[in-house]
Amino acid sequence: MQEVIEIRRVTAALALACLVMMLSFGSAAQEDKPMREVYQAQAMGQSTQMGKTFNVTINIERYSTPEERQVLVDAFQQAGSEGLFNALEKMNSKGRIAITGTLGYDISFVRKIPTSDGFKIRVLTNRPIRFGEAWVSGRSTDYNLSAMELNISQDKDRSTGILLPACKFKIDKKTKELEIENYQNPWKFVNIMDRNKD
């Protein structure tokens with residue numbers, strides 16, 4: 001069984017602010033009209049997954065609204081990671097993540113954030129739990145969220161990204177810090193392609 005890996009901690013005073021930043025705002029105009037964007041990347045394993053790779057295609061049909069962002073912030077404040085899971089479950093699909101060798105899954109929440117040399121795409125969605133995993137009902141089912149970030153640069157060689165395939169958010173009872181825990185090691189994105197420029 002894989003060890004739980006903490007990947008981020010912040011003080012309690014910044015916990016909610018951290019979640020808001022993760023779900024950070026973007027242009028309202030782009031959210032009102034349907035569109036289609038496609039990004040492709042190769043995911044590279046780290047640590048215990050070293051040497052493993054797979055291809056990922058992110059199809060975005062619509063970006064999430066500020067109101068949807070607020071629903072997630074409120075849900076986390078009230079019920080933690082389980083609140084996020086329940087709120088995401090009720091949201092309409094904004095697109096799809098296709099992973100080589102799987103059926104892929106819907107994107108529940110996605111934002112586009114301008115940066116000094118391009119933009120970031122941030123995704124938060126419920127992780128599909130396979131029948132066998134649900135049947136055993138092991139510890140992995142507690143990590144029922146997936147998060148992803150793409151940093152798209154105007155210089156495509158500088159584009160980066162990360163995938164957290166099975167994670168959860170929580171406030172540590174002792175330290176009062178926000179933690180994002182990953183059930184497996186994060187996957188690093190390389191060879192990121194913005195297919196909207198083709």
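The values are calculated or read from the model by the stated rules, or taken from the named source; none is laboratory data. Everything numeric here is computed off the predicted structure, so don't read it as measured data. For neighbour counting, all protein chains shown are included, and Cβ atoms are generated from backbone atoms with ideal geometry for every residue, glycine included. Keep in mind that these areas ignore ligands, DNA and RNA; they rest on the heavy atoms of the full protein, side chains included. Shrake-Rupley method; radii C 1.70, N 1.55, O 1.52, S 1.80 Å.
Output the qualifying pairs, or none if there are none: Cβ atoms under 7 angstrom, residues six or more apart or on different chains, first residue in the stretch 82-94 and touching a residue at least 12 places away in the same chain (Cβ under 8 Å), second residue open to solvent by 60 Å² or more (accessible area, probe 1.4 Å).
A87/V71; S93/D106; K94/E61; K94/R62
Within the stretch 51-82, count every residue that is of a type in the set (D, E, K, R) and under 17 Å from K112 (Cβ atoms).
Looking only at that region, the number is 5.
Taking K188 as the residue in question, decide whether it is open to solvent by 20 Å² or more (accessible area, probe 1.4 Å) and at pLDDT below 85.
Judged against the criteria, K188 is not a match.
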